[in-house]
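Down below is the structure, laid out as structure tokens.
The values are calculated or read from the model by the stated rules, or taken from the named source; none is laboratory data. Note that the coordinates shown come from a computational prediction; the quantities given were computed from them, not determined experimentally. When we count neighbours, we look across all protein chains shown, and the Cβ atoms used for this are built from the backbone with ideal geometry, even at glycine. Protein only, heavy atoms only, side chains kept; ligands, DNA and RNA dropped before computing areas. Shrake-Rupley method; radii C 1.70, N 1.55, O 1.52, S 1.80 Å.
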Amino acid sequence: MPRRLPGLLLTVGILAGTVATFGQQLTSLRFKPYRVLLVVNTWGDPASQVITQTDAFQPIAALLKAWSVPFDILRLDQQNMSAGYLFERSGGVRYGAVLWLADASSYAGKNFDILAEAVHSGTSFVVAVSRFADPALERILGLKYKGEYRAADPLVVEPAHFITRETLKQAEHVYGSHGFWVENRGAQALIHQGHHPVLTIYQPRPDTAAIWIGAPDLRALRDSPYWRTIFRRSLMWSLGYLVLPDLDYARSILVMIDDWGCADKAFLSYWHYPTVTEELMRDKVIPVLARHNAVASANVITGYVDRKSHRIIAPWGQKFTDAYGVPQDYTSTWRALKAAVDAGVLEIQSHGWTHMQPDLDSPPGPWWTADLEGEGSVGGWYEEFEDSRRDAEASALTQLFHLKRSLDYLREDFGARPLSIIIGGGGWSKSYANHSARVAAQAGFGLFDINERYFYLDRDISLDMAGISPGATHQYDRELKPAGWPAHPDGPYVLLFHDRDISLQHDFVERTFEALPKDTSIISMNHYVAILHAGIQSAADGLQLGFEYDEPYCSYFNNHSSSWRLLLADPLRDRIKQAATIDTVVDGRTTRTATPELLRGSLAVQIPAGMGRHSWRLTIR
């Protein structure tokens, strides 16, 4: 009988080698760097700190911040593209993707050849709404920019691709009749209008893409559901993955209650009402918020502007009957706020120090003695961060003094460290020298709210988040109509009202919450600030992410776990799902992960409570 053992050994040896090679391929998988370089023409702020709606790139910067995608900015009016920006000193690429928003007008005297090296080394390249008329950029994209065109053809999505999977086959209603005229030089068109490519992709290597998005303008990438989907999936394809907050913002609201501690409620005829007492808070506010699992923000003033002494004093010792015969008990209000905080339904935030113009003495004042039926009632006196009464701004130094006073006294009065500041009266200073958001960032706040819009703040930038979270002011004599609210998939709806509404209609909070859709969830200000400031990084090796929660911005996570969603593009997901076992390792502790969840392209990432750095890793075999 022939002996076949050597052949059997050979077969087993080949099989073992194949399995070993396959295993090595799996264990060699790694995340691309989770950081984007945003390249722009120019930036209105010469010091590169404040991003406003006048900056063309604001919609994209706000989207990236809302999605928790880390990014740096390179501005071509002040900087040149060089290897130092694109490569680490180890030789690896610094960015998973370059997001190119710069137009041809800013290319004079620039050399972009280094970009090709970065792309060939693993950095993806996404160009949006740009006339990329530069030879190096055209070679990277596999396109030739030729000019502009007009056409009446519908948009057609073909062939099928991950980027366009969730879009309609025809979308003429979202595009219009004009666009950029580009010629294909090797790229693949995924969306076209007649003979004109509108979305293209060129794949220089399996894990690297060069994508061109010919949307109508940059605002469409934020505001149009169609183009927003294209943009987000282009970014996901370019990086291979995204890590997003595990929140359904479309069904979330952030609730703020203004004017606690303000002096004006006791003397202004058009804004007059009794303070909210501890009894009212305990009977009509705390139970309602608790029942709805809601934590609202109490925006508090700690500087009571006293017309008798011409001094700014503490509000909480004031108990008197005002000129209208109405009892005012600020001491009871202080107890009310403390009770709500202790019940876990209220966070203390800043409404400024006084809610008043800092200069109450100069003409047309002094306000201290002005007739409250005349000059003393004029609205400009009740704006703390702008001097509209004198048609001037508030100086940066004055604003900083007031903001620090607010922080100091809120800590003294409530043991609180506020992370947000909402301006009183709607007035704020907008020049760079006196920009109120920039000054608030300097003071250490994480969010600057201007009623129905807000700025993200950190130590480096003040970013106008306009277009992310719509909002409105509600009050006791209006009907709440959530069905008419605009869509807000990337941030919570901001609902603002005042202590006045509770005072004048005791069941106001209950009526408001009963009017909300049943599936509405409430996100607290501190939670939202923590999400916006969370630092997410990929490790140099393997499928590992780091989550950095810094003081003071992420203090919410000190006592609360955080939840994220890892979304995988097809190539990375398809490779991971071949693994026999998938383990999740969080801060050194291992748990088994079910593969079917990965097949859906999304994986829950749960990070335990605690400040500082946390690690999360997928181990696959």
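In the range 293-316, of all residues being of a type in the set (V, I, T) and under 18 Å from L403 (Cα atoms), the one that is surrounded by the most Cβ atoms within 10 Å (Cβ to Cβ) corresponds to V300. The numbered conditions (1) farther than 23 Å from L254 by Cα; (2) open to solvent by 50 Å² or more (accessible area, probe 1.4 Å); (3) modelled with pLDDT under 95 are all true for G379 except (2). A search for C-beta distances below 8 Å between a residue of the range 247-262 that is part of a helix (DSSP H, G or I) and any residue that is among the charged types (D, E, K, R), counting only pairs 6+ apart in sequence or on different chains, returns Y249/D490; R251/D519. The set of residues in the range 539-584 that are open to solvent by 10 Å² or more (accessible area, probe 1.4 Å), within 21 Å of S234 (Cβ to Cβ) and of a type in the set (A, V, I, L, M, F, W, C) comprises L567, L572. When you look at K319, is it more than 22 Å from H272 (Cβ to Cβ) and open to solvent by 10 Å² or more (accessible area, probe 1.4 Å), yes or no? Criteria not met by K319.
The helices (runs of 4 or more DSSP H) falling completely within the range 517-621 that include 1 or more residues that are at pLDDT below 95 and out of contact with any Lys or Arg (no Cβ under 7 Å at 6 or more places or on another chain) map to 570-576, 595-599. Contact map, the range 78-89: residues that are closer than 16 Å to V40 by Cβ paired with residues that are part of a loop (DSSP other than H, G, I, E, B) and hydrophobic (A, V, I, L, M, F, W, C), Cβ distance under 6 Å, separation 6+ or inter-chain. Pairs shown: M81/F112.
Which of the residues belonging to the range 512-549 are over 18 Å from the mean Cα position of the chain (by Cα) and under 21 Å from T584 (Cβ atoms)? Within the range 512-549, S538, A539, A540, D541, G542, L543, Q544, L545, G546 meet the criteria. Suppose we filter G471, G491 for residues that are under 23 Å from the mean Cα position of the chain (by Cα) and open to solvent by less than 10 Å² (accessible area, probe 1.4 Å); which single one remains? Residue meeting the stated conditions: G491.
Results for (1) closer than 26 Å to I51 by Cα; (2) of a type in the set (D, E); (3) within 28 Å of the chain's Cα centre (by Cα), shown as yes or no for each residue.
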position	(1), (2), (3)
L372	no, no, no
G379	no, no, no
Y382	no, no, no
S388	yes, no, no
F401	yes, no, yes
K430	yes, no, yes
V439	yes, no, yes
Q442	yes, no, yes
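Number of residues in the range 423-442 that are farther than 17 Å from D45 by Cα and buried (at least 23 other Cβ atoms within 10 Å of the Cβ) equals 3. Counting the residues of the range 389-418 that are closer than 15 Å to F445 by Cα and touching a Phe, Trp or Tyr at 6+ places or on another chain (Cβ under 6 Å) gives 4. Residue count for the range 322-349 under the criterion of being in contact with a Phe, Trp or Tyr (Cβ under 7 Å, 6 or more places away or on another chain), open to solvent by less than 20 Å² (accessible area, probe 1.4 Å) and not hydrophobic (A, V, I, L, M, F, W, C): the result is 4.
The residue that is nearest to H527 (Cα to Cα), counting only those in the range 227-286 that are more than 17 Å from the chain's Cα centre (by Cα) and among the acidic types (D, E), is D258.
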